[in-house]
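The values are calculated or read from the model by the stated rules, or taken from the named source; none is laboratory data. Note that the coordinates shown come from a computational prediction; the quantities given were computed from them, not determined experimentally. Note: ideal-geometry Cβ built from the backbone for every residue, glycine included; neighbour counts use all protein chains shown. Only protein heavy atoms, including side chains, enter the accessible area calculation; ligands, DNA and RNA are left aside. Shrake-Rupley method; radii C 1.70, N 1.55, O 1.52, S 1.80 Å.
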Amino acid sequence: MASVRGGGGDIKAFYRQRKKNNNTKPSKPSKSGVRLDSDPAQPPALLSHGSIDIKRDFDQCEEVLRRFDMNMSYGPCIGLTRLERWERANKLGMNPPKDVETLLKGGNAGLDCLWEGRV
Amino acid sequence: MDIDAESLSLIQRKQSLYVSQDERFLLGLQKYKGQQYSHIYFFRLYKMREQFRSLINHQHPNLPVHTVLGLEVGKQCIIVGTLYKQMKLKPSVLDEYSKERSAVPLVKPHNFLHPDDHLILEDESGRVKLIGDVVKPSDYVTGVVLAVHGEETSDGDFLVHKIVEAGLPPQIKIPQEAKEDKYVAFVSGLSVGSIKSNPLQIQLLVDLLTGHLGDDKEQNVASQITRIVIAGNSVELQQGLLAGQSLASKDQSKLSEPIKEFDLLLTQLAAAMPVDIMPGPHDPANYSLPQQPLHKCLFPGASAYNTFVSSPNPHSFYLDDVGFLGTSGQNIDDLAKYSEAKEKLDFMERTLRWRHLAPTAPDTLGCYPFTDRDPFVVESCPHVYFVGNQNKYGTQLLKGSEGQLARLISIPRFCETGVAVMLNLRNLECHPLSFSCET
């Protein structure tokens with residue numbers, strides 16, 4: 001593949017053109033059925049904003065924010081940033097939890113909702 | 001021949017205080033970020049549920065209000081939700097893929113009703129089919145928020161005993177009775193540039209409104225007209241030229257001829273009195289509701305006057321404390337396709353009783369996907385509700401349960417009927433103005 005120099009270093013990680021494993025030969029499954037290398041037929045792991053999103057130890061802030069996203073009474077969460085959705089709920093008088101607001105305005109938390117970019 | 005200066009008397013045109021209420025229809029600098037329509041439906045249900053809460057407490061204080069998932073068989077309750085009308089004949093984009101292309105001609109019927117249509121009530125938790133004789137699917141459309149009183153059957157459907165309608169929204173009373181007659185003129189469907197329109201007829205209208213026609217008595221009446229509202233379809237551009245190829249310069253000037261002609265008329269009007277112009281389905285404005293105001297550069301002559309107001313569609317304003325709300329007809333025409341009533345005025349009455357201008361938006365009527373509001377919810381009842389581009393002139397005075405009064409006006413297409421409408425602000429009475437020039 002043609003390599004493009006310049007500021008596009010991140011792009012290669014984002015739009016991965018070759019699997020991480022670099023196995024060019026498809027490996028045959030062993031008799032016992034256990035696969036030790038990655039199978040080319042399987043798609044690469046779910047990429048979210050450039051990094052593999054399997055880590056289970058997202059912090060508690062994210063947990064609170066995700067619960068805010070999933071709460072039905074504040075309306076749909078897709079298509080808005082979390083702060084916009086909080087402001088909207090506030091304006092309608094729904095009394096959304098204050099700690100969500102402090103987390104969002106604090107700057108450390110993810111501003112986009114859970115499904116952003118994935119749906 | 002000298003003109004005797006003393007015998008000329010200047011008749012002053014009356015004026016009315018105009019306050020625009022159009023902020024909720026304007027998109028401003030909003031950018032489309034890829035959002036979907038779910039937010040509009042969320043807002044609609046939320047706002048209407050709030051309004052229903054007090055109504056239900058008033059009328060049925062003993063009945064519990066449940067969500068759809070919380071229904072129990074045999075237990076009477078009230079549920080509030082958005083209607084979805086399952087229509088057999090509703091055109092679906094998937095039909096292109098399922099049917100054989102040659103067999104069925106894609107003829108658009110005027111009305112998509114079918115006896116098998118049924119209604120489904122939906123809220124955030126689930127949906128349930130509405131059955132019962134009380135519910136007539138032909139009267140309702142998708143997108144109306146209703147409260148229904150009934151019970152769940154063993155089949156899982158909801159048997160409706162009574163429909164709790166929102167009714168006319170609360171109205172701010174006009175503070176004081178006006179002492180003198182002041183009129184507002186309405187016209188729509190001028191269609192300048194189309195074959196149907198008669199330039200002489202339109203010029204007659206402009207001359208009468210500006211006071212250049214008639215004797216002193218006529219001019220006196222014309223001086224009492226404080227505003228003219230043009231409710232859509234003012235120009236008709238030649239669609240054949242817009243075939244997708246780049247336009248030759250000769251075609252370009254042909255395309256803009258109707259707008260230039262219309263600008264000349266507007267300039268005459270704007271020089272004489274305040275003019276509100278609304279875009280319509282055929283005007284050079286965006287397609288989806290709310291249509292944004294026509295751009296000033298289209299009217300270089302008229303926009304120089306400060307009496308010229310380019311308004312969005314729908315349009316809402318106060319004139320001397322009388323509340324006006326109106327559209328260029330798309331909402332009512334869409335209702336006519338998906339439901340039935342004896343007259344167009346019935347559709348208008350229904351939209352007010354449902355407290356929603358365009359319930360079929362965004363389902364079958366194009367609409368901008370707002371995330372922070374549903375601009376078509378009618379929160380305060382207007383005194384005058386007008387709809388343009390209809391087949392014929394009609395008017396009705398609606399009375400609400402709390403003393404609300406609303407004058408409904410159906411403005412006919414001027415190019416076909418030659419009829420404009422005059423409304424008296426003092427007593428909300430309405431009469432047509434017909435123009436005809438038989439050659």
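Pull up the cross-link candidates among the aspartates and glutamates for B:K90, meaning alpha carbon to alpha carbon under 16 Å and not fewer than 8 places away within one chain.
Within the straight-line limit of under 16 Å, B:K90 reaches these aspartates and glutamates: B:D116, B:D117, B:D139, B:D333, B:D334, B:E340, B:D363.
Dipole of the range B:111-180 (Lys/Arg Cβ +1, Asp/Glu Cβ -1, origin at the Cα centre): which of B:Q171, B:V148, B:V128 lies farthest to the positive side?
Looking along the dipole axis, the top candidate is B:Q171.
When chain B is treated as a GNM, springs tying every alpha-carbon pair under 10 Å, which of B:L428, B:L63, B:L237 comes out with the largest mean-square fluctuation?
B:L63
Could you compute the net charge surrounding B:I225? Neighbours are other residues with a C-beta less than 9 Å from the C-beta of B:I225; K and R count +1, D and E count -1.
Net charge in that neighbourhood comes out at +4.
In terms of modelled amide H atoms, which long-range or inter-chain residues lie less than 5 Å from the amide H of A:C113?
Placed amide hydrogens put A:R82 under 5 Å from A:C113.
Considering only Cα-Cα distances, which of the following residue pairs are longer than 31 Å: B:K162/B:K399; B:K250/B:K392; B:K33/B:K85?
The answer is B:K250/B:K392.
Taking H placed 1.01 Å from N in the peptide plane, check which residues at least 5 places from B:H118 or on another chain put their amide H under 5 Å from its amide H.
Sorted by chain and number, the residues that satisfy this are B:Q86.
Residue by residue through the range B:61-72, what is 3J(HN,Hα) from phi via Karplus (6.51 cos²θ - 1.76 cosθ + 1.60, θ = phi - 60°)? Round to whole Hz and write x for glycine and proline.
x, 8, 8, x, 9, 10, 8, 5, 6, x, 6, 10
Interface A/B, total buried accessible area with a 1.4 Å probe, nearest 100 Å²?
On the way: alone 9510 and 22150 Å², together 30700 Å².
Buried: approximately 1000 Å² between B and A.
Over the range A:53-106, give the accessible area per residue in Å² for a 1.4 Å probe, as an integer. Could you put the intermediate results ahead of the total?
Numbers: 3190 Å² over 54 residues.
Spelled out: the 1.4 Å probe surface of the range A:53-106, per residue, equals 59 Å².
Return the percentage of antiparallel bridges among DSSP beta bridges fully within chain B, rounded to the nearest 5 %.
Beta bridges within chain B, antiparallel portion: roughly 60 percent.
What number comes out for the charge environment of B:L159, summing +1 per Lys or Arg and -1 per Asp or Glu over other residues with Cβ under 12 Å away?
-2
Within a Cβ distance under 13 Å of B:V419, other residues only, what is the Lys/Arg minus Asp/Glu net charge?
+1
Which of the aspartates and glutamates could a cross-linker span from B:K14 if the Cα-Cα distance has to be under 20 Å and same-chain partners fewer than 8 positions apart are dropped?
Straight-distance partners of B:K14: B:E177, B:E180, B:D181, B:D207, B:D215, B:D216, B:E218, B:D276, B:D320, B:D321, B:E429.
Roughly to the nearest percent, how much of the accessible area of the range A:53-106 is carbon and sulfur, given a 1.4 Å probe?
Percent of accessible area from carbon and sulfur atoms in the range A:53-106: 54.
Can you list the residues of the range B:20-62 that have at least 50 square angstrom less accessible area with all protein chains present than in their chain by itself, probe 1.4 Å?
Buried-area filter returns B:H39, B:F42, B:Y46.
In the range B:372-439, what percentage of the DSSP-assigned beta bridges are antiparallel, given to the nearest 5?
Looking only at bridges with both residues in the range B:372-439, the antiparallel portion is about 70 percent.
Gaussian network model of chain B, Cα springs within a sub-10 Å range: biggest mean-square fluctuation belongs to which of B:Q239, B:Q36, B:Q404?
B:Q239
Report the antiparallel proportion of the DSSP beta bridges in the protein assembly as shown as a percent, rounded to a multiple of 5.
Values: 51 of 80 bridges.
If we restrict to bridges inside the protein assembly as shown, about 65 percent are antiparallel.
Could you compute the longest span of chain B free of trypsin sites (Lys or Arg not before Pro) located in DSSP loops and having at most 13 other Cβ atoms within 10 Å, not counting the site residues?
B:197-341
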